[in-house]
Amino acid sequence: MSAEINAIRTVISLRTRSLWVMGIFIALTLGLGLSKFNHAMELLPIFGTVASTWALFRCKGLTTRCVMWCSTACWVAHNFWLGSIGGTLIEGSFLVMNGLNIIRFWRMQRRGIDPFKVEKEVQQQEG
């Protein structure tokens, strides 16, 4: 169910940056996550999902990717604690690949190259 909500959230965040829509997804995450809460480690994926929701609706460019990276780190720690080998490996691979891309984008920006130029152009056309 969480994966479905996250998929819908991601698609909707491509269409709108509305605060109330973001609030609905955060409320869903908190409601569903906290209703099954049993251990403090279970707060990590809840926090990570809320952070990634905020990032998708409110952040841009490298900031979005950095917040999403932190969200992924929460999921990796939770999956490791849970003993989910597959989940840890999948999220761990996302963590490594996105971390490498963040470094690559940051270096591009330092050289004066804007890796997010297309994103900005699309947002200007829509706005």
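Can you go through Trp54, Trp81, Trp106, Trp75 and tell me which one is modelled with pLDDT of 95 or more, more than 17 Å from the chain's Cα centre (by Cα), part of a helix (DSSP H, G or I) and under 22 Å from Leu30 (Cα atoms)?
Residue meeting the stated conditions: Trp81.
Test of understanding: among Ile24, Ile12, which residue is under 26 Å from Val118 (Cα atoms) and either surrounded by fewer than 17 Cβ atoms within 10 Å (Cβ to Cβ) or among the hydrophobic types (A, V, I, L, M, F, W, C) (or both)?
Exactly one residue qualifies, and that residue is Ile12.
Taking Ala7 and the conditions (1) surrounded by 12 or more Cβ atoms within 10 Å (Cβ to Cβ); (2) under 30 Å from Val118 (Cβ atoms), which numbered condition does it fall short on, given that it satisfies the others?
All conditions are met except number (1).
Regarding Phe47, is this residue under 21 Å from Ala3 (Cβ atoms) and not in a helix (DSSP H, G or I)?
Considered against the rule, which asks whether it is under 21 Å from Ala3 (Cβ atoms) and not in a helix (DSSP H, G or I), Phe47 comes out as no.
For the stretch 31-59, how many residues are closer than 16 Å to Cys74 by Cβ, surrounded by fewer than 14 Cβ atoms within 10 Å (Cβ to Cβ) and either free of Cβ contacts under 8 Å to residues at least 24 places away in the same chain or touching a Cys at 6+ places or on another chain (Cβ under 9 Å) (or both)?
Qualifying residue count, the stretch 31-59: 4.
The values are calculated or read from the model by the stated rules, or taken from the named source; none is laboratory data. Because the structure is a prediction, the values reported are computed rather than measured. Neighbour counts are summed over all protein chains in view; Cβ atoms, including those assigned to glycine, are modelled from backbone coordinates with ideal geometry.
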